[in-house]
1. If the chain between Ala13 and Asn38 were fully stretched, how many nm would it gain, using 0.36 nm times the residue separation less the Cα-Cα distance?
2. If packing is taken as the mean number of other Cβ atoms within 10 Å per residue, what is the order of 41-49, 19-27, highest first?
3. Between Ala48 and Ser5, what FRET efficiency follows from the Cβ-Cβ distance if R0 is 35 Å, with the result rounded to 0.05?
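What follows is calculated from the coordinates using simple rules that are stated; it is not laboratory data. No experiment lies behind these values; they were computed from the predicted model shown. Reconstructed Cβ throughout: ideal geometry from the backbone, glycine too, with neighbour counts over all protein chains shown.
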Amino acid sequence: MWLPSSRAGCSPAESITAQDLRTLKQRFPGVPVVTYINTYQAVEKVAAGASPAGATQLAGPG
């Protein structure tokens, strides 16, 4: 993907940080975590710990 600005980002992906997700997981233990396809890697790593088997891809390229 070509971005006209090196500072351009993805507002849905920027709406949560890894620390935000850690806090939510502590507050709501056992609740499944589903992430947006463009979620930043740090958040994906925290989400992957949401289940013993790690993250599960529900849909996407194949």
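1. Working: separation 25, 0.36 × 25 = 9.00 nm, distance 0.59 nm.
So the extension gain works out to 8.4 nm.
2. On the way: 41-49: 15.2, 19-27: 12.7.
Taking the mean over residues of other Cβ atoms within 10 Å, the ranking is 41-49, 19-27.
3. Once rounded, the FRET efficiency stands at 0.70.
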